[in-house]
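The values are calculated or read from the model by the stated rules, or taken from the named source; none is laboratory data. Quick caveat: nothing in here was measured; it's all calculated off a predicted structure. All Cβ positions, even for glycine, are placed from backbone atoms using ideal geometry, and neighbour counts span all protein chains on display. Each accessible area value is taken on the protein alone, full model and side chains, heavy atoms only, with ligands, DNA and RNA left out. Shrake-Rupley method; radii C 1.70, N 1.55, O 1.52, S 1.80 Å.
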Amino acid sequence: MSFFDYHDGILHAEQVPLPEIADAVGTPAHVYSAGVLRHTAEGFTAALRHLQSARFAFAVKANPNTAVLRLLAKCGYGADIVSGGELRRALDAGMAPTEIVFSGVGKTDRELIDALDAGIGQFNLELEEEGRVLARLAQSRGVRAGAVLRVNPDIDGGTHAKISTGKRENKFGVAIAEAPDIFDRLASLDGLDLHGIALHIGSQLGDLGPLEAAYRRVGELVFELRARGHTITRVDLGGGLGIPYRAGDTMPSFADYAAMVSRVTEQWNTRLTFEPGRVIAGLAGVLMTRVIWVKPGVMYPFVIVDAAMNDLARPALYDAYHRFTAVAPNGETMVANIAGPVCETGDTFGMAQTIDRVGRGDLAVFHATGAYGAAMASSYNCRPLSPQVLVDGDTFTVVGDRILPTELAA
Ligand code: LLP
C-alpha cells in the first residue's frame, strides 16, 4: 500500500498534492504520512501480538517528532529511548513511563536520575558498573529499578559497519560469555530488579539469519541463568529490520519475522519487547526539495537541490541511497549527480543516477526519509532545521517549524 502516489501527474502525500505543502511551508520540508505510520505500526503489532505478552517500544531515535510519537502511542507503542531528551519527548507524547525502555551505552547519572524519577519501566544495562550506579541511585530514592542486561552476542548482522552493533568489537553490551557471572553479581544488588536480557545487533538488516542466530544465543543464556537460580521474565529483542530503499530491494516481511521469533522463543516463557524504529517510520516520510540549479558537470550535470546533508545525513554518512523523483515528472529522464548546497563534496545524494528530468525551480522528493531523516538533522553551514509536516487524509499539519540558526545559538 502506498500513501505517496501520483494523481493527475502530481505526487501526493495521501490526498494532499505536495506543491500545496511547498507553498505553505517552503522547501526543504520533511513530509510524513499518518496513514503509513498507522499501517506499519499496526501491521507490526498485529504480526507479533500473539507472542508472550509482547511489548512494543518505538525507537525514538528514528523519528523523535512529538506528533509522530503521539500517533504511535495511540497504536499501542511505548518508547525505546537513549537520552534525557528522548525521555522528555516520549513523556510529552503521552507514552506511559512503564512502557519506556532506556537503552544507550553512555547514560549519565543525571539521565539515570531523571528516568528513575519518571518511573520508567526498564533500564537496559550496558556494563556491570552501570548496574551498580543505577542500583545505588535507586536505593537512595527508595525505589527499585527494573532492568535487563544487554549482551553482545558477537554476531555480524551483515549491515553497514557504522550501524552494526552486535559484533564483539562493537561498544555495545557485555560479552555474552561473561553475562552469567555479571548477572549473578548484579542480581544480588538492592535497588535493582534484574528481569532478563536485551540485545540489538544492528540496523537495516535485510536477512533474518543473523538475528535468528543472535536470538538463539540469547535463548541459551536464558536457560543458563535459570539453571543458576535466576528468575528470567523478560527478553528485549531490539530492533533492526530493514526497509526497501531501492526499487528491487526485498526485505523480510513482518510475518516472516514473527514466524522466526515464534519458532526461536516458543520455550522461553518470557515477556518479549521489540524496539523497531526504521520499519515503522522509514517509508512514512519523504524529504521535499526544490531544484536550485542544474549545473553542467564533466560527466553528468549536477542537480543542485535546496536540501543538503544537514537535512538528510544518511548518504554522506553511510553512502545510503534514497530514491529521487520529481513531484511533477514530465516523462523524460536524465542521468545526473544530485547534490546539496553545503560546501563539501560529501554533500552528495547520488552520482550518475537515472532520474526524472528536472530543471531549475522544480519540486522533487527523496523517498524513505521518515526514519533517521529529520532525526539526524543539523544546522551545518548555518542552515535552518527544516519544517516537518504530518499529512492525514486530505489535511496536513505543521508538526515542526523551520528553525533558524539564529534561534538555535548565538
Ligand atoms: N534498539 C537499539 C538499542 C538501537 O540501538 C536501535 C538503533 C534500535 C533499537 C532501532 O533500530 P531500527 O529498528 O531502526 O533498525 N542512523 C542510522 C541507524 C542507526 C541505528 C541505531 N540504533 C541510519 O540512518 O541508518
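Of the conditions (1) among the aliphatic types (A, V, I, L, M); (2) open to solvent by less than 20 Å² (accessible area, probe 1.4 Å); (3) in contact with a Phe, Trp or Tyr (Cβ under 8 Å, 6 or more places away or on another chain), ILE155 satisfies every one except a single condition; which number is it?
Among (1) among the aliphatic types (A, V, I, L, M); (2) open to solvent by less than 20 Å² (accessible area, probe 1.4 Å); (3) in contact with a Phe, Trp or Tyr (Cβ under 8 Å, 6 or more places away or on another chain), the lone unmet condition for ILE155 is (3).
Count, please, the residues in the stretch 294-308 that happen to be open to solvent by 40 Å² or more (accessible area, probe 1.4 Å) and closer than 25 Å to SER379 by Cα.
3
Return the residue satisfying two criteria in turn: it lies in the stretch 226-251 and is in contact with a Ser or Thr (Cβ under 9 Å, 6 or more places away or on another chain) and more than 16 Å from the ligand (Cβ to nearest atom), and of such residues it is most open to solvent (accessible area, probe 1.4 Å).
THR233
Strands (runs of 3 or more DSSP E) wholly in the stretch 333-379 with at least 1 residues that are of a type in the set (Ser, Thr, Tyr), more than 15 Å from the ligand (Cβ to nearest atom) and over 20 Å from the mean Cα position of the chain (by Cα) - which ones?
By residue number, 333-339, 348-356.
Mind listing whichever residues of the stretch 374-410 are in contact with a His (Cβ under 7 Å, 6 or more places away or on another chain) and among the polar types (S, T, N, Q)?
Listed by number, the residues that qualify are SER386, GLN388.
State yes or no: is GLY142 open to solvent by 30 Å² or more (accessible area, probe 1.4 Å) and without any contact (Cβ under 8 Å) to a residue 60 or more places away in the chain?
Yes, satisfied.
Take the conditions outside any helix (DSSP H, G or I) and more than 16 Å from ARG55 (Cβ to Cβ) and apply them to ARG226. Does it pass?
Here the answer is no, as ARG226 does not meet what is asked.
Determine whether the stretch 20-42 contains at least one residue that is open to solvent by 30 Å² or more (accessible area, probe 1.4 Å), touching a Leu at 6+ places or on another chain (Cβ under 9 Å) and acidic (Asp, Glu).
no
Pairs please, first residue from the stretch 175-204 and not assigned by TED's automatic domain parsing to the domain that holds ILE243, second anywhere and open to solvent by less than 10 Å² (accessible area, probe 1.4 Å) and away from the ligand (no atom under 16 Å from the Cβ), Cβ atoms under 8 Å, 6+ apart in sequence or on different chains.
none
Could you tell me which numbered condition PHE172 fails, if it satisfies all but one of (1) away from the ligand (no atom under 15 Å from the Cβ); (2) closer than 20 Å to GLN122 by Cβ; (3) open to solvent by 20 Å² or more (accessible area, probe 1.4 Å)?
(1)
Restricted to the stretch 254-273, and to residues that are in a helix (DSSP H, G or I) and open to solvent by 30 Å² or more (accessible area, probe 1.4 Å), which residue is farthest from the ligand (Cβ to nearest atom)?
If we take residues in the stretch 254-273 being in a helix (DSSP H, G or I) and open to solvent by 30 Å² or more (accessible area, probe 1.4 Å), then ARG263 is farthest from the ligand (Cβ to nearest atom).
Hey, can you tell me all the residues within the stretch 45-63 that are within 16 Å of the ligand (Cβ to nearest atom) and either farther than 22 Å from PRO252 by Cβ or surrounded by fewer than 24 Cβ atoms within 10 Å (Cβ to Cβ) (or both)?
Correct list: THR45, ALA47, LEU48, ALA54, ARG55, PHE56, VAL60, LYS61.
Could you pull out the residue among ILE292, ILE280 that is assigned to a helix (DSSP H, G or I) and at pLDDT 95 or above?
Going through ILE292, ILE280 in turn, the sole match is ILE280.
With the condition kept exactly as written, say whether any residue in the stretch 152-165 is hydroxyl-bearing (Ser, Thr, Tyr), part of a strand (DSSP E or B) and within 12 Å of the ligand (Cβ to nearest atom).
yes
Which residues, taken from the stretch 274-310, are more than 16 Å from the ligand (Cβ to nearest atom) and charged (D, E, K, R)?
Listed by number, the residues that qualify are ARG290, LYS295, ASP306.
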